[in-house]
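Structure first, commentary second.
The values are calculated or read from the model by the stated rules, or taken from the named source; none is laboratory data. Quantities reported herein were computed from a predicted structural model and do not represent experimental measurements. Heads up, the Cβs are rebuilt from the backbone with ideal geometry, glycines too, and the neighbour counts pull from every protein chain shown.
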Amino acid sequence: MAEMMHKNDHKTSRGGERRLSFSLGSQRFAIPLLSVKEVIAVPGLTPVPFTPSHFLGIMNLRGQVISVLDLRKKLDIKPGESTEQAVIICDLSPLTLGVLVDSVDSVLSPDAASILPKPEGTGAKHTEYITGIFQEGNDLVLLLDIISALDAQDFMAIDSSATKKSAA
Amino acid sequence: MLPALSEQRAKPAAPVASPSNKVEESLRVSLSRLEKLINFVGEMVILQSVLAEQVSGSSSLQLRRTVHQLSKVTKDVQELSMGLRMVPIKPLFQKLQRIIRDVSAQLQKNIEIDLVGEDVEVDKTVLERISDPLVHLVRNSLDHGIEATDQRLTAGKSQKGTISIRAFHLSGRLNIEVADDGGGIDPDKILASAKKKGLVSAGQSFSPRDAQQLIFLSGFSTKAEVTDVSGRGVGMDVVRTNVMELGGDIQIDSEVGKGTTFSISLPLTLAITDGVLVEVGNQRYVLPQTYVHETISVEREQLQEKTGVGTVIMLRGEPIPVVDLGALLRMKGNTTNSADVTAIVAKTREGLVAIVVDRITGQLQVVVKQLGREAQNLRGIAGSTILGDGMPALILEVPELVKAAAQRSTRRAA
């Protein structure tokens, strides 16, 4: 996987911030490469009770237990037909989350000028998660705010109530 | 639930070495690096057991021998790495000593302090989390336990009261005893007070020892007036809850007129816990050993469903509520409808509960892994672990699960 990224990286390097693009259903998204720790094949998952439906379960990443979320369910996107699936391990310190996507495409570096603001007033759902769009060949790639899409800010605010509770 | 690892990392390490200790060169290492190491060792142990499994069928004696040696070394490395988190209990003892001095001066009681076992080692997290309960116990002993000086003299005791705190290792656990030579806990008074508060029904009878245990009920306080030394409405139930959360146990041994001893037994570390591995609907869960009272296998006919009571089973003449683990977890699963029912009888604060599972796979020692913050506040889930085949499994906090399920059903009924 790492090799593939490097190749694509050279081809599309245009000097902007590097972003990893991936597909959810038939749509393409991109997130900053800096927030990506690694990309892995879909591992064995253990479901966790009392979690929302987009919470797929927990996985073992070399001894670390990581939660895996289904971004398609979260964004109401129908799964793609391809059976190829991958999990992007996102480092959103202090959180580390796995995100299930249909496929991981390439690393793109669109320069700042080619990134356009998203069109407003379309009445579409989930616009708050999209920070901009850019054209890549015939495709429109949406820049995704991964932190808000995963509600990660909510988790970061949780100040482990467990420790407070234990104070007698 | 256990505190987030990241929070522990932020705190500076407690002073461990003191000049009076034997001179041994030491090195200060951040807790996060230590934890990483322990994580990797845990992973190594898993890989090692997978490897051992894979070569067990091999015909090469040499290969099997090497893997066997590797197992031994891995075990040593694991034990050593676990030991790295251990610190002496001394700083906590010093803190307690200070509190006893201050509080006894405030109460104008003459107290002698007897501390034994300050070199006993315990996991740093356990030490941090047992501190508050112990302070509470000691304050209680000073305030409620040891009598005022004139009272002691009338009772024919020495004018000076004694509080002794002993820490020692016993069968792989840390034991802490807080003993005073005060007035003891009067079972009749306790029972009367509990009945007055409606914590137990008026007709119930208790042995003196059982009556003393009632001080652990929530909403209990025998002292008429609330002092600023002890008694803020939290009381002994919080102490017990804290000890239970650490996977420990607390016992009272009290004789009227002679004194009271609280004995706390704790696991040496939170990083490893003993548990029972169970299966429900193709998923595996670990139930911590502390909650497991016994395991039973009964015929399905013995489960009796009664209106207003729910499903119960008679166990040694006592009705025990029966709950299905799959239902507790609200997980879809094909709970088998076989003629026999396997259940784990679990201890909760409300009493015993039989938890029906599909299968009990066995007992095991697991390395506890915290869940990420995104899944940390789930009620009834204490953490996770990685099983021998590399798959994660959840560690369940049984009393919380049962309580949450009971609350759900009362809400439905209302």
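Of note:
- B:E279 being closer than 19 Å to B:R359 by Cα, assigned to a strand (DSSP E or B), out of contact with any Leu (no Cβ under 8 Å at 6 or more places or on another chain) and within 14 Å of chain A (Cβ to nearest Cβ): yes
- B:R379 passes every criterion in (1) within 8 Å of another protein chain (Cβ to nearest Cβ); (2) more than 15 Å from B:M331 (Cβ to Cβ); (3) in contact (Cβ under 8 Å) with a residue 24 or more places away in the chain apart from (2).
- Only one entry in B:L174, B:L92, B:L170 is buried (at least 16 other Cβ atoms within 10 Å of the Cβ) and in contact with a strand residue (DSSP E or B) (Cβ under 8 Å, 6 or more places away or on another chain), namely B:L174.
- Considering residues of segment B:390-403 that are assigned to a helix (DSSP H, G or I) and either in contact (Cβ under 8 Å) with a residue 40 or more places away in the chain or in contact with a Leu (Cβ under 8 Å, 6 or more places away or on another chain) (or both) only, the residue farthest from A:P43 (Cα to Cα): B:K403
- Of the residues making up segment B:171-206, those that are more than 30 Å from B:I272 (Cβ to Cβ), without any contact (Cβ under 8 Å) to a residue 12 or more places away in the chain and small (G, A, S) are B:A192, B:G198, B:S201, B:A202, B:G203, B:S205.
- Here B:L387 clears all of (1) in contact (Cβ under 8 Å) with a residue 40 or more places away in the chain; (2) buried (at least 21 other Cβ atoms within 10 Å of the Cβ); (3) within 14 Å of chain A (Cβ to nearest Cβ); (4) not β-branched (V, I, T) except the condition numbered (2).
- Among the conditions (1) touching a strand residue (DSSP E or B) at 6+ places or on another chain (Cβ under 8 Å); (2) part of a loop (DSSP other than H, G, I, E, B), the only one that B:L378 does not satisfy is (1).
- Screening B:T410, B:T342, B:T361 for residues that are away from every other protein chain (no Cβ under 14 Å) and not in a strand (DSSP E or B) leaves exactly one candidate, B:T410.
- Number of positions in segment B:238-276 that are in contact with a helix residue (DSSP H, G or I) (Cβ under 9 Å, 6 or more places away or on another chain), on the phi < 0 side of the Ramachandran plot and assigned to a loop (DSSP other than H, G, I, E, B): 7
- Residue match in segment B:157-175 (condition: in contact with a Pro (Cβ under 9 Å, 6 or more places away or on another chain) and either in a helix (DSSP H, G or I) or in the same structural domain as B:V367 (by TED's automatic domain parsing) (or both)): no
- Any hit, segment B:366-376, residues being surrounded by fewer than 17 Cβ atoms within 10 Å (Cβ to Cβ), touching a residue at least 40 places away in the same chain (Cβ under 8 Å), facing another protein chain (nearest Cβ under 8 Å) and of a type in the set (S, T, N, Q): no
- The strands (runs of 3 or more DSSP E) located wholly in segment A:28-71 that include 3 or more residues which are under 18 Å from B:G383 (Cβ atoms) occupy A:55-61, A:64-70.
- Top-ranked residue in segment B:340-364 [being charged (D, E, K, R) and touching a Ser or Thr at 6+ places or on another chain (Cβ under 9 Å); ranked as farthest from B:T241 (Cα to Cα)]: B:D340
- Pick from segment B:39-53, criterion over 18 Å from B:S81 (Cα atoms) and away from chain A (no Cβ under 13 Å), ranking: surrounded by the fewest Cβ atoms within 10 Å (Cβ to Cβ): B:E53
- Residue identified as touching a helix residue (DSSP H, G or I) at 6+ places or on another chain (Cβ under 9 Å), surrounded by 13 or more Cβ atoms within 10 Å (Cβ to Cβ) and away from chain A (no Cβ under 14 Å) among B:L107, B:L127, B:L137: B:L107
- For segment B:282-303, a tally of residues being more than 25 Å from A:P49 (Cα to Cα) and either part of a helix (DSSP H, G or I) or outside the structural domain of B:E350 (by TED's automatic domain parsing) (or both) returns 3.
- Failed criterion for B:V243 (all others in (1) surrounded by 20 or more Cβ atoms within 10 Å (Cβ to Cβ); (2) out of contact with any strand residue (DSSP E or B) (no Cβ under 8 Å at 6 or more places or on another chain) hold): (2)
- Residue match in segment B:26-33 (condition: among the β-branched types (V, I, T) and either exposed (fewer than 10 other Cβ atoms within 10 Å of the Cβ) or modelled with pLDDT under 85 (or both)): no
- Here A:K73 meets each of (1) buried (at least 18 other Cβ atoms within 10 Å of the Cβ); (2) more than 8 Å from chain B (Cβ to nearest Cβ); (3) touching a Ser or Thr at 6+ places or on another chain (Cβ under 8 Å) with one exception, condition (1).
- Any chance A:I58 is at the interface with chain B (Cβ under 10 Å from one of its Cβ atoms) and out of contact with any helix residue (DSSP H, G or I) (no Cβ under 9 Å at 6 or more places or on another chain): no
- Residue in segment B:48-58 that is at pLDDT 85 or above, farther than 29 Å from B:G383 by Cα and in a loop (DSSP other than H, G, I, E, B) present: no
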